[in-house]
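Structure first, commentary second.
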Amino acid sequence: MLETTQEEQTLSRLQQFSKVLQSGTLQQLQLMLNGLFAAEIAHLLESLPREKREFVWELVEPELQGDVLLDVNDDIREHLIQQMETSELVAATEGLEVDDLADFIQDLPDTVMQLVLQSMDSQDRHRLERVLSYPEDTAGGLMNTDTITVRPNNTIDVVLRYLRRSRGNIPAMTDQLYVVDRENHYLGQLPLTDLLTREPSLRIGDLMNTDHQGILADMPDRDVATMFEHRELVSAPVIDENNELLGRITIDDVIDVIREDAEHSLMSMAGLSEEDDMFAPALRSTRRRSVWLGANLITALLASWVIGLFGATIEKLVALAILMPIVASMGGIAGSQTLTLVIRAMALGQIGISNAGRLIAKELTVGLLNGLVWAFVIAGVTILWFDNVQLGIIIGAAVIVNLITGALAGATIPLLLKKLGADPALGGGVVLTTITDVVGFLAFLGMAALFLV
């Protein structure tokens with residue numbers, strides 16, 4: 001029997017938990033809940049209506065609450081924090097890694113934040129302040145300052161004794177030890193496999209790998225994710241402009257960046273936020289979505305105004321009103337295909353000045369070829385439907401024009417929005433729809449006014 005997918009397993013777990021929630025005992029519910037990983041509990045909470053969510057949250061063990069709060073979206077985290085006592089919030093921060101704590105502490109009330117800082121020793125407080133000094137969407141904001149450093153003059157035997165006696169344990173996701181000089185300047189890295197398999201008398205400086213340079217702390221998180229993907233990294237050192245080692249980034253943090261970027265691109269195209277609570281109060285959701293609907297109304301009014309210019313033409317030939325949506329829809333779909341392709345390529349760092357022109361030319365060619373194919377099909381259907389050869393030729397020509405327009409708009413809008421500092425995913429869809437609607441109606445109704453009426 002084929003193994004079930006992760007999505008099916010998650011859905012099955014959610015269904016089982018819902019049954020227990022409705023009919024099971026409190027003890028059974030708590031046992032099942034706390035047998036899950038923190039991320040699974042977070043997913044479960046996001047899937048529950050608010051009243052059930054608050055009840056279930058009370059059953060989560062205190063030592064898990066900090067990790068769960070990190071994994072839920074911003075809306076739910078804010079709501080749960082408001083329900084928690086100060087002592088519970090302080091307890092939730094205990095045991096969190098510095099990079100995770102940096103993400104979490106900024107959402108806490110000021111009084112709680114001060115208590116958390118006071119409960120930390122000076123070394124951990126300094127580490128936290130260092131991470132907080134960088135924007136959260138940079139390598140410095142992602143990094144964890146808990147690193148293991150060694151000197152190049154040490155031998156493997158010395159390092160192994162240091163790890164056993166002084167460290168006691170190794171931070172999670174450690175696959176490299178970082179080699180630094182006395183001023184903490186990054187020199188290279190030593191894989192744990194070499195540390196465990198090479199001769200104990202060998203010097204670290206003779207074994208260290210100097211091929212991988214450190215990541216600058218101000219590097220955008222998307223570029224960090226791309227670097228991890230291309231180099232197949234598990235961890236990487238973070239340095240400042242003076243090559244001083246600041247910390248490290250691990251693959252679990254990069255996965256979060258990739259997931260958040262994917263959710264952002266998907267949700268932004270509908271004018272939504274990936275941090276919205278699916279079960280938020282209706283009034284709040286209505287308020288947030290109204291802004292986007294208002295922007296869309298303005299573009300729809302523009303398209304309607306174009307149609308109004310040809311009101312007399314449409315009155316004389318009702319078939320035009322019937323066929324108009326076809327032209328606009330074909331251009332919109334073609335443009336959306338190109339827009340999605342370009343936004344994805346931009347997110348992956350695959351488009352730059354050197355190849356943007358080639359991409360636009362290629363998409364125009366695709367638009368032209370698809371236009372010719374579907375113009376022939378639509379023209380044929382129109383001629384058979386309305387017994388009007390001229391009308392068929394006109395709608396076919398309009399489809400060609402609009403598919404080329406859609407391809408051009410889909411390829412250039414994200415590039416222009418990015419150059420202007422706007423989010424291509426957030427504004428691209430509305431601008432594209434406006435252009436394809438307006439151009440499609442102008443082309444179809446304009447040619448009809450010239451040749452049919």
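The values are calculated or read from the model by the stated rules, or taken from the named source; none is laboratory data. The structure displayed is predicted, hence computed values, not measured ones. Counting neighbours? That spans all protein chains shown, and the Cβs are built from the backbone with ideal geometry, glycine included.
Of all the residues that make up the stretch 350-374, how many are farther than 17 Å from Ile393 by Cα and either of a type in the set (A, V, I, L, M, F, W, C) or not assigned by TED's automatic domain parsing to the domain that holds Val401 (or both)? The total comes to 8. Considering the stretch 122-198, the qualifying helices (runs of 4 or more DSSP H), each wholly inside and each with 1 or more residues that are in the same structural domain as Val238 (by TED's automatic domain parsing) and polar (S, T, N, Q), run over 192-197. When Leu29 is tested against the conditions (1) at pLDDT below 85; (2) among the hydrophobic types (A, V, I, L, M, F, W, C); (3) in a helix (DSSP H, G or I); (4) within 25 Å of the chain's Cα centre (by Cα), the lone failure is (4).
On the basis of being surrounded by 14 or more Cβ atoms within 10 Å (Cβ to Cβ) and either polar (S, T, N, Q) or without any contact (Cβ under 8 Å) to a residue 12 or more places away in the chain (or both), does Thr210 make the cut? Answer is no for this residue. Please tell me if Ala312 is exposed (fewer than 13 other Cβ atoms within 10 Å of the Cβ), among the small types (Gly, Ala, Ser) and modelled with pLDDT of 85 or more. Against the criterion (exposed (fewer than 13 other Cβ atoms within 10 Å of the Cβ), among the small types (Gly, Ala, Ser) and modelled with pLDDT of 85 or more), Ala312 qualifies. Would you please list the contacts, defined by Cβ atoms under 7 Å and residues six or more apart or on different chains, that run from a residue in the stretch 345-363 that is touching a residue at least 60 places away in the same chain (Cβ under 8 Å) to a residue that is β-branched (Val, Ile, Thr) and exposed (fewer than 14 other Cβ atoms within 10 Å of the Cβ)? As it stands, the answer is none, since no pair meets every condition given.
Of all the numbered requirements in (1) over 19 Å from Asn73 (Cβ atoms); (2) at pLDDT 80 or above; (3) among the aliphatic types (A, V, I, L, M), Val20 misses one, and that requirement is (2).
Whether any residue in the stretch 402-418 is in a helix (DSSP H, G or I), under 20 Å from Ala319 (Cβ atoms) and in the same structural domain as Leu301 (by TED's automatic domain parsing) is what I want to check.
In the first step, residues of the stretch 402-418 are kept if they are in a helix (DSSP H, G or I); the result is 402-418.
If we keep only those that are under 20 Å from Ala319 (Cβ atoms) too, we end up with 402.
Now narrow it down to the ones that are in the same structural domain as Leu301 (by TED's automatic domain parsing): 402.
Yes, the stretch 402-418 contains a residue that is in a helix (DSSP H, G or I), under 20 Å from Ala319 (Cβ atoms) and in the same structural domain as Leu301 (by TED's automatic domain parsing).
Exactly one residue out of Ile148, Ile170 is surrounded by fewer than 14 Cβ atoms within 10 Å (Cβ to Cβ) and within 21 Å of Asp124 (Cα to Cα), and it is Ile170.
Given the structure, is Val131 of a type in the set (A, V, I, L, M, F, W, C) and under 25 Å from the mean Cα position of the chain (by Cα)? Answer is yes for this residue.
Return the total of residues in the stretch 386-401 being free of Cβ contacts under 8 Å to residues at least 24 places away in the same chain and part of a helix (DSSP H, G or I). So the count comes out to 4. Within the stretch 330-341, one or more residues are more than 30 Å from Glu229 (Cα to Cα) and not hydrophobic (A, V, I, L, M, F, W, C). Residues in the stretch 290-349 that are among the polar types (S, T, N, Q) and over 25 Å from the mean Cα position of the chain (by Cα): Thr299, Ser304, Thr313, Ser329. In this structure, does Gly95 turn out to be at pLDDT below 85 and not β-branched (Val, Ile, Thr)? For Gly95, the condition - at pLDDT below 85 and not β-branched (Val, Ile, Thr) - is met.
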